[in-house]
Structure formats: C-alpha cells, structure tokens
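Take a look at the structure set out below.
The values are calculated or read from the model by the stated rules, or taken from the named source; none is laboratory data. The shown structure was predicted, so the numbers you read here are calculated from the model rather than taken from an experiment. Virtual Cβ from ideal backbone geometry, glycine too; neighbours counted across all protein chains shown.
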Amino acid sequence: MSKFSENLFSTKTVSVWGIGYLGYTTILRLQSKGFFVNCLTFDKDVQKDIEEDKYPYEYMKQTWSLNNDVPKIDLAKTFFCNDYKKMFNVNVHIIALPAFRGESNQPEAYKKLVDIFLKHIENLSGAIVIFQAAEKVGTVDSYFIKPLKKAGAKCYFASAFRSDWNVEEFLLGNNSRIIAANDKESLEVVSEFFDILNVNFNTLSGIEEAEVYENAKNCLKYSAEAFFTQLSFAYPSINVNEVSAMIVKNLDLATKRSGLNLLNYKHMLHIDHVLAGQSGDYLSIIKETQSVNMTTVILYADILKQKKISSITILGLSVEGARKDIRASAAVLLAEYLHNIGIKVFVHDPYFSQNEISEILPFVQVSNLQNKSEFTDSYIVMGSNPVYNYYSQKDINTNGIFNAKIIIDGVGVLKHLSFSPKTLYHEVGDGRLKALLK
C-alpha cells in the first residue's frame, strides 16, 4: 500500500469544498464507496436546510435530476466543518465550487479558498487537491495552484472535470472521466484515488489541457446542435431530428486531427450541395467552415513573414496522398500568398512533373530537394504523399531539410526524425506553435 493510500484509509475521510450540484453528488459517490466526508459551504443557510431535510430545494431537484428525485446524503457520515482546520485532517480535497460567480471576472471563490489553504499550508503536505469545475482556460493554474506553490505548499494538484448534467448520469458512471495533472507524481496520486473509487478514467498531460478539452468538447456539441437547428430551417420539410440522430450515430471523428491541406474535395462538394439545396439562407455555420483551412495557411504564411523567412519549400500540392488532385488544395493558395508577400517559393511534389507544377504555379521554382542551390531556410509539409513516409534520417541529413530554420509539418510525417539544434520543428496541433509566435 502506498503512503497516499495508507493515509487515506487511516480515517477513510475526504474533504469536499462546496455542496452545490457538484459537491452534493460527489458526496453521494464517496459515501457509496464507504467514505466519510468533511464538507464546507460558505452558505450557512444551506447547511441548516440540509440538516432539516429541506435541501436540495425543489427547483434544484428539477434541474439536478431527470426524475425530480435526488438521493439523500447520509448525514451521519457527513461532517459540516465551521472550523476550517477540521477540513485539513485528510489527504484528499475535492474542490466542487466554480471559481467565478455571476458576471464577475474575478475568481472570488478561489480567492477565498486560497486564503484558507494558505493559513493551513502546513497540513497540506502529501495531500492532493482535485478540481471538478472547468472554467476559463488557465483559471486553476493562475488563481489557485501558483499562489499555493509560491507559498511553498508541498501537495499534489489534479483535475477531474465533470460535464454531467444530472444525478442519474453521474451515479450511473458509464462514461470515463478525464483526469489530468501538471506533473507525473500528481497524476499517479489522482490515478490511484480514482482506482480506489473504481471509476474508469483516461488521462491528459496537464490541467490547462484538460480545461481546453472540457470546454472544447462542449463547444463542439453546442455547435453541432446549432448546425442541426439551422438545418431544420434550411430544409423545412425534412425530419431533421431523425436525420441528425442517424448522423451522430454514424459519424466517425476518431481519426480527425489538426493539420494543413487535409480537406477532402468530396467533403467540400457536400458542403456546396447542402448550401445549394437549402430553402433560404440559414446555414451560416458550414459557410464559415469552408474558409477555415484556407485562412489557417494564411496565418502560417504571416508568421513566416514575421520571422523574416526569405525562402520556403512546399512539400506536396495534392490534398490526398499520391493523387494528382489540387481541387481545394490549400498548398496552391499558400504558394500564391507567400509569393505575393515577397517570399521565394520552391515546390516539391514527386507525382507532378516540372512542367505540370510550372503550369499550376508559374512563379515558383521546382525543387528535387537535392541541389544545394535549391535548399531553403524553411519547409512546410502540405501533402501526405507516400514518398515522404519513406524519408529516413539519412535522407533528411542530405536534402537540406536538416538545417532549416523552421519546419512546419502539416501532416506529421517528419515528427520522428531529428533536425539541427537551431531548427524549430512544429507539427500542426502539437502545442509548439507558441515558439513560432514569439
């Protein structure tokens, strides 16, 4: 048994900060696993109403439960701590309070909690603090973890953000939780805790990453719902509810990723078809998606200009593999834009002849990646051409790519290879874009 588990099972007690929906349902889960709970709420009326069996209030039951039925917590195993010190006689703290309240841009709840934790910092040694509410990206790190670490707190921090909206969904526990921490030790401790609770989980490598995950996941869901609503106006005689249910059931997003020039021309055609057939002009969401891939390459081109890049080689014109198909190709747009802003452009694509490339883009130079006179100070991979998959480290060392100042890999084909210490390598979506923006 680890030191963490040993301390946890010595009293089998967990402290839960807050008793709104998140806190209340967390107490239910903990008690179902045989844990006692210390609970703190800043609202003394709530504590009184719980003890008098008036809480959750009727309007809460209606929003917390699909059946207007919220199980009762076991008051004999729940200890409300008016003395903050008693909350720190444990090694697990679950923060079930949102940082922000109302329209305030100040994380009032976190500020209050941090003040309390700082006063009891000596009792935090070896404890883990777990956050359940995902809010503005960076909130947990900026307003909670940094002040405590600066003061010398010797504890672990992790997130286990929740997106369930009713007690039945939470207690059923069919979905895996996403847990995250900013360091290996904290991730190991929070993983151990969720193993003890017998909760399935997947992990992310940082709390800020988990905040992005939780918010982006719900943004995507919201966008999909808005799209289906727009679709119902665009096609008023179609049962869009039935269609959307089938779309969601059969839509495979598992293989999708960030990248450049990845749009399938057929998908672009489908957008055109849906827009052309609509009644009226309602489908603004998918109109905007048409421009995203194109505007993204313009953003990268502007970054290269700011970095004073004078020459660049574009690897691959085709959107898909070995196809000689440049319909909807962002690579062609990128070449034209780079040329217009004064950057010398070379193009390499083994499935297009020199004449074919010159016909498409008469202002570029065609490169075979071998002549030193054609080596450029930056490279951008735009095509998933099979030839690039076969590039070895030996190829990279001899074809000019090794010594590039900047390599932007739009398809991830070079990510396992090495480059010079001065090379800035960035695979689209890998979290290293920040270095390019400096």
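Pairing residues of the range 149-161 that are not assigned by TED's automatic domain parsing to the domain that holds Asn218 with residues that are in a loop (DSSP other than H, G, I, E, B) and buried (at least 20 other Cβ atoms within 10 Å of the Cβ), at Cβ distances under 6 Å and at least 6 apart in sequence or on separate chains, gives Cys155/Ala127; Ala158/Ala181; Phe161/Ala134. Tallying residues that are of a type in the set (S, T, N, Q) and farther than 15 Å from Val199 by Cβ within the range 1-37 yields 7.
Matching residues to (1) free of Cβ contacts under 8 Å to residues at least 40 places away in the same chain; (2) within 20 Å of Ile128 (Cα to Cα); (3) not assigned by TED's automatic domain parsing to the domain that holds Glu168:
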{"residue": "Thr13", "(1), (2), (3)": "no, yes, no"}
{"residue": "Cys39", "(1), (2), (3)": "no, yes, no"}
{"residue": "Phe42", "(1), (2), (3)": "no, no, no"}
{"residue": "Tyr57", "(1), (2), (3)": "yes, no, no"}
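Which residue is farthest from Gly259 (Cα to Cα), if the candidates are limited to the range 352-390 and must be aromatic (Phe, Trp, Tyr) and surrounded by fewer than 17 Cβ atoms within 10 Å (Cβ to Cβ)? Across the range 352-390, the extreme among qualifying residues is Phe363. Under the condition of being of a type in the set (Val, Ile, Thr) and at pLDDT below 95, which residue from the range 27-50 is nearest to Lys85 (Cα to Cα)? Among those that are of a type in the set (Val, Ile, Thr) and at pLDDT below 95, it is Thr41. The residue that is surrounded by the most Cβ atoms within 10 Å (Cβ to Cβ), among those in the range 326-347 that are touching a Leu at 6+ places or on another chain (Cβ under 6 Å) and modelled with pLDDT of 95 or more, is Ala335. The criterion of at least 2 residues that are under 25 Å from the mean Cα position of the chain (by Cα) is met, among helices (runs of 4 or more DSSP H) falling completely within the range 342-438, by 433-437.
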